[in-house]
Amino acid sequence: MSHREPHAATEPRTGAVMGMRGCESAAECRSHRPGHGLHVMQDRLATTTASKWIDAIVIDVDDQGFATLADLGGDGLRRVWHHDAFGGTLAVGEPVALHVVYGVLARGDERHSVAFA
């Protein structure tokens, strides 16, 4: 019969906003969690599943990295988050595309990994 050991206690790590655990700054982040760096497989999978992209218009962007998007398909508003606040390149009124399965936000040739908020 096996003996079960309890899980070791872990220290909670909190960040200023969701998903920032372990990130000291966006420039030094090496994470591929949603809303952080765009992993090459995430980009490839989003590219090959074209039917899962939706067109949207940026309604709001804040300095915490949250963006509110209006779905042009009529499905309402969607809120996403990126740890670098999209590098300051996302502006209100811009058209974007959002991959609803793999969490990728495309603006022209730029692509960002996003976490759904």
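Looking at the range 64-77, which of its residues are open to solvent by less than 70 Å² (accessible area, probe 1.4 Å) and out of contact with any Asp or Glu (no Cβ under 6 Å at 6 or more places or on another chain)? Once the filter is applied, which keeps residues that are open to solvent by less than 70 Å² (accessible area, probe 1.4 Å) and out of contact with any Asp or Glu (no Cβ under 6 Å at 6 or more places or on another chain), the range 64-77 yields G65, F66, A67, L69, A70, D71, G73, G74, G76. Within the range 81-98, is there a residue that is modelled with pLDDT under 95, open to solvent by less than 60 Å² (accessible area, probe 1.4 Å) and assigned to a strand (DSSP E or B)? The answer is yes, given that some residue of the range 81-98 is modelled with pLDDT under 95, open to solvent by less than 60 Å² (accessible area, probe 1.4 Å) and assigned to a strand (DSSP E or B).
Within the range 52-80, track down each residue that is within 13 Å of V100 (Cα to Cα) and of a type in the set (D, E, K, R). If the condition is that a residue be within 13 Å of V100 (Cα to Cα) and of a type in the set (D, E, K, R), then K52, D55, D71, D75, R78, R79 are the ones that fit.
Just to be sure before I move on: is V61 crowded, with 18+ Cβ neighbours inside 10 Å, within 10 Å of the chain's Cα centre (by Cα) and touching a residue at least 12 places away in the same chain (Cβ under 8 Å) in the structure I sent? No: the conditions fail for V61. For the range 61-68, the criterion of being modelled with pLDDT under 95 and out of contact with any helix residue (DSSP H, G or I) (no Cβ under 8 Å at 6 or more places or on another chain) is met by at least one residue.
Going through (1) open to solvent by 30 Å² or more (accessible area, probe 1.4 Å); (2) on the phi < 0 side of the Ramachandran plot one by one, A115 falls short only on (1).
The values are calculated or read from the model by the stated rules, or taken from the named source; none is laboratory data. Being a predicted model, the structure only gives us computed values, none of them experimental. Cβ: placed from backbone, ideal geometry, glycine included. Neighbour counts: every protein chain shown. We work out accessible area using only protein heavy atoms, side chains counted, and drop any ligands, DNA or RNA first. Shrake-Rupley method; radii C 1.70, N 1.55, O 1.52, S 1.80 Å.
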